1. Do the conditions hold for L87, that is, is it touching a residue at least 40 places away in the same chain (Cβ under 8 Å), under 25 Å from R35 (Cα atoms) and surrounded by fewer than 17 Cβ atoms within 10 Å (Cβ to Cβ)?
2. With the condition kept exactly as written, say whether any residue in the stretch 41-60 is closer than 16 Å to F115 by Cβ, in a strand (DSSP E or B) and away from ligand 1 (no atom under 12 Å from the Cβ).
3. Which numbered condition in (1) away from ligand 2 (no atom under 13 Å from the Cβ); (2) within 18 Å of I39 (Cα to Cα); (3) surrounded by fewer than 22 Cβ atoms within 10 Å (Cβ to Cβ) is the only one that E96 fails?
4. For A199, indicate whether it is buried (at least 17 other Cβ atoms within 10 Å of the Cβ) and more than 28 Å from G82 (Cα to Cα).
5. Listed residues T60, T53; which is at pLDDT 95 or above and away from ligand 2 (no atom under 14 Å from the Cβ)?
6. Any residue at all in the stretch 167-175 that is within 16 Å of ligand 1 (Cβ to nearest atom), in contact (Cβ under 8 Å) with a residue 24 or more places away in the chain and part of a loop (DSSP other than H, G, I, E, B)?
7. Does any residue of the stretch 141-155 turn out to be under 22 Å from the mean Cα position of the chain (by Cα), in contact (Cβ under 8 Å) with a residue 12 or more places away in the chain and loosely packed, with under 14 Cβ neighbours inside 10 Å?
8. Among the residues of the stretch 36-50, which ones are of a type outside the set (A, V, I, L, M, F, W, C) and within 12 Å of ligand 2 (Cβ to nearest atom)?
Amino acid sequence: MAIENNPEEEFDTVFSLNDSLQLSSHSEQDCGKARIFKIIVIGDSNVGKTCLTYRFCGGTFLKNPEATIGVDFRERTVELDGERIKLQIWDTAGQERFRKSMVEHYYRSVHAIIFVYDVTNLPSFESIPEWIEECSKHSVGPLVPRIIVGNKCDLREHRQVPASAAHCLADSYNFPLFETSAKDPAEKEHVDAIFLTLAYRLKSHKPLRLKQLSESCVRQLRDQREQETTSCQC
Ligand SMILES: Nc1nc2c(ncn2[C@@H]2O[C@H](COP(=O)(O)OP(=O)(O)OP(=O)(O)O)[C@@H](O)[C@H]2O)c(=O)[nH]1
Ligand SMILES: [Mg+2]
């Protein structure tokens, strides 16, 4: 898979862990037992998808991001009710020319989707139904949780999308709506809440202990072979 990362994002290697975050500080070994969920972040170019995902995984506002090419991966492991959940965030490209070869990969085996628009950019809000339609075209099932996020709320004087219109759209799809800012440090927990809302939803209905599953398969095969050997000797 051809994947290009933003060179300014030093922790942005494929599925990198950010050890400075309290919630992400488990070792790889510990994470072996975590359930893994793939979350894609979709929306027009420049709405702040990269900054939102960076805020959630890196804890800070990314200054001077470049347009995403293909996809950037970020990751954060959280602990919910004593269970480790690894969120693999796919920060997708908004520009058509940077995403067209990747679209199939975005939607394959996705567990949850975040649609982002910019509250200061009406066309980015008007595009949301098209992004939702694209998901349906790629056979994303109705049980895959979706959230709509209006970003850049810190730019109060430039707002073009009234909260009422956004609620109306979100209600029409029955998706939760969050309005927030990747830039405003006071919104940090609100950004976390977007991803944690999905994590809770996924935790309650997706058994995906990949490593445990494979370990148990190996164990079963070994037991089976031992039994066969024993019965041959008899
Ligand atoms: N004021 C403000 N600016 C923001 C916020 N989030 C992102 N930006 C700015 O918006 C611009 C685009 O941000 P990105 O995160 O790169 O946008 P993107 O959606 O990833 O764009 P593509 O990768 O091209 O799809 C940058 O100049 C950011 O600094 C925010 O919450 N508030
Ligand atoms: Mg981006």
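1. Against the criterion (touching a residue at least 40 places away in the same chain (Cβ under 8 Å), under 25 Å from R35 (Cα atoms) and surrounded by fewer than 17 Cβ atoms within 10 Å (Cβ to Cβ)), L87 does not qualify.
2. No, the conditions are met nowhere in the stretch 41-60.
3. With (1) away from ligand 2 (no atom under 13 Å from the Cβ); (2) within 18 Å of I39 (Cα to Cα); (3) surrounded by fewer than 22 Cβ atoms within 10 Å (Cβ to Cβ) applied to E96, the lone miss is (2).
4. Taking the combined requirement at face value, the residue does not satisfy it.
5. T60
6. No: the stretch 167-175 contains no residue that is within 16 Å of ligand 1 (Cβ to nearest atom), in contact (Cβ under 8 Å) with a residue 24 or more places away in the chain and part of a loop (DSSP other than H, G, I, E, B).
7. Yes, that holds for at least one residue.
8. Across the stretch 36-50, the qualifying residues are G43, D44, S45, N46, G48, K49, T50.
The values are calculated or read from the model by the stated rules, or taken from the named source; none is laboratory data. Because the structure is a prediction, the values reported are computed rather than measured. Here Cβ is always computed from backbone atoms with ideal geometry, including for glycine, and neighbour counts include all displayed protein chains.
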